[in-house]
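See below for the structure under consideration.
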Amino acid sequence: MIRFVQVIVLVLLAEFHLNGQSNQLDRLKDEIAFYADITATADQDQHRIRAHDQMVAYIDTFLMEKGSYGKSLDSIPWLSVLQGDGFRIVTWQLRKSNEEYKYGGFIQWPDRLIRLKDTRPFINGAAYTTFTPSGWYGCIYYRILPFERGKEKYYILLGYNAENSLLNIKVADVLDLTGPEPRFGLPVFLGQDEPKSRLMITYADVSPARLNYDDQLGGIVHDHLESMPIGPEGESLPVTDGSMEAWIFKKGDWIYEEEVYDVKLTEPPMTDERRNWKEDKDILGRPRKD
């Protein structure tokens, strides 16, 4: 009888501990959502920066809690959460000013965590470089695409970077988890001079460009860009000319095709057709609720 009572007590204590842990994660998640909302929508630069610092502090506390991997973050609209095979990658954006945007994120497994540190700007060669989580080309990812090369599995990460008030960048990066530490970039984009480790599509904010995966074509498709004198001071900026280019997946590599037709692209959540997107849309492309 005594042993039976002891077992019951242990079960109740374990249940109490699990409930307490779950409640703590829920509380932290609420705080993350609160500060993420301010980070994304506040008018004042200093308010967004201050809220971002608080949000990151709560994210760090959340991630240190046991069982945090099992707690969904999908309901927080200001975070981009992509699920891989046994891991998730979470990214977000901070607008420090109209001329400076920074990004943060992490990769989490049930028993492991890697934080991502945005170390832009990179002066030259970013399309041909391999980066580490501590030297990451920051952006907010909107799609993950697994692919195989040889006997290894890799992931294409499609992302968006708000470079400044005039230019945006969309990126098709490669997440390499085959080694002891994650790496970003792999020379698998072939057909334009030397192999590229990532695709980088720089375009004018007044002329949104598409970058996404076309299932029927089996490739990454993006707008072709031409420079035109449309800047506020008459400077030339890259804008789409209506034609499309592609990178078709073949035997582990992505092969360049100069022009493709009959492409049906679902717009990624960052794409917008309006001139003042950065001012009156949130980081996921939805109208702000002021």
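How about the stretch 31-113: which strands (runs of 3 or more DSSP E) wholly inside it have at least 2 residues that are touching a Leu at 6+ places or on another chain (Cβ under 7 Å) and modelled with pLDDT of 95 or more? Ranges flagged: 88-97, 100-109. The residue that is nearest to R183 (Cα to Cα), counting only those in the stretch 149-165 that are more than 14 Å from the chain's Cα centre (by Cα) and in a strand (DSSP E or B), is Y154. Among the residues making up the stretch 88-107, a single one is touching a Phe, Trp or Tyr at 6+ places or on another chain (Cβ under 9 Å) and surrounded by fewer than 19 Cβ atoms within 10 Å (Cβ to Cβ): R88. Which ones in the stretch 208-224 are surrounded by fewer than 19 Cβ atoms within 10 Å (Cβ to Cβ) and of a type in the set (G, A, S)? Of everything in the stretch 208-224, just one residue is surrounded by fewer than 19 Cβ atoms within 10 Å (Cβ to Cβ) and of a type in the set (G, A, S), namely G218.
Screening the stretch 179-201 for residues that are in contact with a helix residue (DSSP H, G or I) (Cβ under 9 Å, 6 or more places away or on another chain) and not in a strand (DSSP E or B) and picking the one that is farthest from Y141 (Cα to Cα) gives E194. Every test in (1) closer than 23 Å to A204 by Cβ; (2) more than 18 Å from the chain's Cα centre (by Cα); (3) not β-branched (V, I, T) is passed by E181 save one, and that test is (1). Considered as a group, the residues in the stretch 120-129 that are surrounded by 14 or more Cβ atoms within 10 Å (Cβ to Cβ) and assigned to a loop (DSSP other than H, G, I, E, B) include one that is farthest from the chain's Cα centre (by Cα), and that residue is T129.
Taken across the stretch 122-130, residues that are hydrophobic (A, V, I, L, M, F, W, C) and at pLDDT 95 or above do not occur at all.
When G218, G179, G185, G231 are checked against the criterion of being of a type in the set (G, A, S), out of contact with any strand residue (DSSP E or B) (no Cβ under 7 Å at 6 or more places or on another chain) and assigned by TED's automatic domain parsing to the domain that holds I107, G179 stands alone in meeting it.
The values are calculated or read from the model by the stated rules, or taken from the named source; none is laboratory data. Nothing here was measured: the structure is a model prediction, and the numbers come from that model. Positions of Cβ are backbone-derived with ideal geometry, glycine not excepted, and every protein chain shown enters the neighbour counts.
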